[in-house]
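Before any comments, here is the structure.
The values are calculated or read from the model by the stated rules, or taken from the named source; none is laboratory data. Predicted model, so just to flag it, every value in this text is computed and none were measured. Positions of Cβ are generated from backbone atoms using ideal geometry, with glycine treated the same way; all protein chains shown enter the neighbour counts.
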Amino acid sequence: MTREPRGTGAADSRCPSCGAPVLRQLVGRIAALTVTADPTPLTPEQETQVRTDPNRLTWCLITGRWRPPELRWRHPAHSPHCTHHVVACHRCPPAAPTTLF
Ligand SMILES: [Zn+2]
Ligand SMILES: [Zn+2]
């Protein structure tokens, strides 16, 4: 059992599978869930596309000058027109060892 010294704040981290930079944060108090999200904000079109996948969630990335970045679930009660950056759960890109984009 590991305990974070601080309960809030998204930490810069790397995906253990693909090595991409990700944001990791423990979300929730009862059913704590570690969220791994891509740090790149989505456009509204990208978010709409992500939300068609039931296995992916989108998160508000709340940032400020004096606070660590924080991921907040975009639940139905959250303002749909907030000005936060929107990020999505990280998905490892499909393995393509011989193809470079
Ligand atoms: Zn928001
Ligand atoms: Zn990955």
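Assorted remarks:
- Test: L33 is closer than 13 Å to L71 by Cβ and either within 16 Å of ligand 1 (Cβ to nearest atom) or modelled with pLDDT of 90 or more (or both): no
- Among (1) within 14 Å of ligand 1 (Cβ to nearest atom); (2) without any contact (Cβ under 8 Å) to a residue 60 or more places away in the chain; (3) closer than 15 Å to A88 by Cα, the one test that T63 misses: (3)
- Every condition in (1) modelled with pLDDT under 90; (2) outside any strand (DSSP E or B); (3) of a type outside the set (S, T, N, Q); (4) within 16 Å of ligand 2 (Cβ to nearest atom) holds for G9 except the one numbered (4).
- In segment 46-98, the residues that are within 18 Å of L26 (Cβ to Cβ), in a loop (DSSP other than H, G, I, E, B) and hydrophobic (A, V, I, L, M, F, W, C): L57
Every residue, every condition in (1) within 14 Å of A10 (Cα to Cα); (2) away from ligand 2 (no atom under 16 Å from the Cβ); (3) among the acidic types (D, E), yes or no:
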{"site": "L23", "(1), (2), (3)": "yes, no, no"}
{"site": "G28", "(1), (2), (3)": "yes, yes, no"}
{"site": "A31", "(1), (2), (3)": "no, yes, no"}
{"site": "E45", "(1), (2), (3)": "no, yes, yes"}
{"site": "T58", "(1), (2), (3)": "no, yes, no"}
{"site": "W73", "(1), (2), (3)": "yes, yes, no"}
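- For the residues T43, T58, T52, the requirement of being within 16 Å of ligand 1 (Cβ to nearest atom) and more than 12 Å from the chain's Cα centre (by Cα) singles out T43.
- Residue check for P54: loosely packed, with under 12 Cβ neighbours inside 10 Å, touching a residue at least 40 places away in the same chain (Cβ under 8 Å) and farther than 14 Å from A10 by Cβ: no
- Every condition in (1) in contact with a Cys (Cβ under 8 Å, 6 or more places away or on another chain); (2) within 17 Å of A10 (Cα to Cα); (3) not acidic (D, E) holds for A88 except the one numbered (1).
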